[in-house]
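Below is one structure, written out as structure tokens; the observations come after it.
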Amino acid sequence: MRHFYAMMARMRLIGRWSLMAGRTPENVAEHSLMTAVFAHALASIALDMHGKAGPDPDACAAAAIFHDAPEILTGDMPTPVKYFSPGIREAYREVEEAGVEKLLLMLPEAMRGRYRKYWEPGEPDVDRIVRAADKLSAYVKCLEEMRAGNWEFRDAARVTREKLDAMGMPELDTFFAEFLPSFSLTLDEMQ
């Protein structure tokens, strides 16, 4: 029996933001979906709106779907803990790598290469888009929490936005101008 896809279904059981008092819980599956949506959007913006040669939006979305899958086995390490010291970061990286190997062993050998690429450094443009989409997903979560009156996420929003701005990606600038304002609207206002 192969357990890989059953394990993927368990992403919904892994909570995020464990150190934060969130109004709306978020799990790794929800985060991965939004990261995939945003990765597809950023790659599409680069290609279609900026005329930039870049990675295929579908490849970016697929990479984003699986980017946090090892957390099924490791759990989601809160950012302040994960980056507290180089030693902790390196130890967590080793745990993540072990998680990747365990997940890959749940696939037939002939399929492992197809999935391994999602967890190893690959095409730099895809990796860059997925990193940006990952941070964008976190930023939108912070904005949604603040919109609900939860100021616990204010500092996380500020720091995450600073990291996004520091990436210097025109695709992000376009997303912020064209699409981000909608996240502060009600459903009726979006009609």
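The values are calculated or read from the model by the stated rules, or taken from the named source; none is laboratory data. Small disclaimer: the values here were computed from a predicted structure and weren't measured. Don't worry about glycine lacking a Cβ; one is built from the backbone with ideal geometry, like all the others, and counts go over all protein chains shown.
Brief remarks on what is shown
- Selection from the range 63-90 of residues that are of a type outside the set (Val, Ile, Thr), part of a helix (DSSP H, G or I), surrounded by 13 or more Cβ atoms within 10 Å (Cβ to Cβ) and modelled with pLDDT under 85: 82, 89
- Restricting attention to the range 146-191, the residues that are under 15 Å from residue 21 (Cβ atoms) and either under 17 Å from the mean Cα position of the chain (by Cα) or among the β-branched types (Val, Ile, Thr) (or both) add up to 2.
- Test: residue 88 is among the β-branched types (Val, Ile, Thr) and touching a residue at least 60 places away in the same chain (Cβ under 8 Å): no
- Verdict on residue 125 being surrounded by 12 or more Cβ atoms within 10 Å (Cβ to Cβ), out of contact with any Lys or Arg (no Cβ under 9 Å at 6 or more places or on another chain) and either farther than 22 Å from residue 36 by Cβ or of a type outside the set (Val, Ile, Thr) (or both): yes
- Candidate set: the range 146-177, residues that are touching a residue at least 40 places away in the same chain (Cβ under 8 Å) and closer than 12 Å to residue 42 by Cβ; chosen: the one surrounded by the fewest Cβ atoms within 10 Å (Cβ to Cβ): 170
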